[in-house]
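Read-outs: derived from the displayed coordinates by stated rules, not from any lab. Quick caveat, the model's predicted, so the values are computed rather than measured. FYI the Cβ positions are ideal-geometry reconstructions off the backbone, even for glycines, and counts take in every protein chain you see.
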Amino acid sequence: MYDNSLYSENHRPFSGQRSGKGPLRSSKVRQKGMIKKMDEETLSKIILLSTERDTLDNLIFEQTFQKKIAGKFKELSKNQPMVIKIIGIEGEIMPSTLGKYTGMEKSSLTRMVDDLEKKGIVFRKTDPGDRRKVLVSLTEKGLEYYNRLSQITTEMADEILRFVDDTDVENFMNSLETMVKILRKIDASRSAGTR
């Protein structure tokens with residue numbers, strides 16, 4: 001359940017937070033070969049905002065989605081509906097790209113795609129532009145699942161949009177794009193060994 005005490009003025013869940021006395025401690029952040037210091041207050045705010053965003057995302061989107069699909073897709077495991085949605089949106093997708101969207105490890109993702117293929121929901125084919133690559137697409141049965149899932153997500157969007165206006169939606173999209181851009185930059189730097 002959502003814990004409002006996390007945001008009270010006196011509640012400091014992270015050790016070392018500024019109490020109003022003494023110097024701020026800092027966390028070192030590497031940026032383009034330079035070490036930049038982030039003060040503890042900024043770091044704490046980032047942690048709290050990220051935690052709240054994750055909690056609200058889970059509450060508003062993930063839990064609602066799972067409740068709406070409960071019992072309607074008995075053939076599918078918990079994560080398979082979202083994989084079907086991603087493949088349906090993309091049309092055809094390389095497993096490595098699907099892994100980036102889902103955060104699943106290669107072995108787990110391979111097992112999931114194998115299972116979806118056995119159920120007749122997806123099929124693999126060689127990329128005509130590069131025979132070394134494999135693409136995953138939805139079958140007719142998979143498209144039926146995708147259309148049913150799309151109807152549910154459209155209903156969810158309609159319910160959510162009652163509480164916001166066009167400017168809120170635009171700001172939300174811009175914020176998501178900015179967050180993803182920054183996180184991709186960090187991930188690419190970490191993957192390249194630039195720590």
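When you count the other C-beta atoms within 10 angstrom of each residue and take the mean per peptide, 130-138, 116-124 line up highest first as 116-124, 130-138. Fewest-first ordering of 94, 104 by other beta carbons within 10 Å of each residue's beta carbon gives 94, 104. Overall dimensions of region 80-148, expressed as equivalent-ellipsoid semi-axes from the Cα gyration tensor (√(5λ), whole Å, largest first), are 17, 14, 11. May I ask which of 67/100; 67/133; 68/125 have a Cα-Cα span longer than 30 Å here? 67/133; 68/125, as the Cα separations exceed 30 Å there.
Model label sites at residue 191 and residue 61, defined 7 Å from Cα along the beta-carbon direction, differ in position by 2.0 nm. Direction-averaged projected area, Cα convex hull, region 84-195: 9.5 nm², rounded to one decimal. Between residue 182 and residue 156, the contour length at 0.36 nm per residue exceeds the Cα-Cα span by 6.6 nm. Compared with the direct C-alpha span, the chain from residue 118 to residue 132 gains 2.8 nm at full extension, assuming 0.36 nm per residue. Among 156, 112, 38, the ranking by other beta carbons within 10 Å of each residue's beta carbon, starting with the fewest, stands as 38, 156, 112. If the segment from residue 72 to residue 173 were pulled out straight at 0.36 nm per residue, it would be longer than the present Cα-Cα gap by 33.4 nm.
Ordering 154, 55 by the number of other Cβ atoms within 10 Å of each residue's own Cβ, fewest first, gives 154, 55. For region 75-112, the list of trypsin sites (Lys or Arg not before Pro) that fall in a loop by DSSP and count at most 11 other C-beta atoms within 10 angstrom reads 78.
The spacing between region 63-131 and region 165-195, judged by their C-alpha centroids, is 23 Å.
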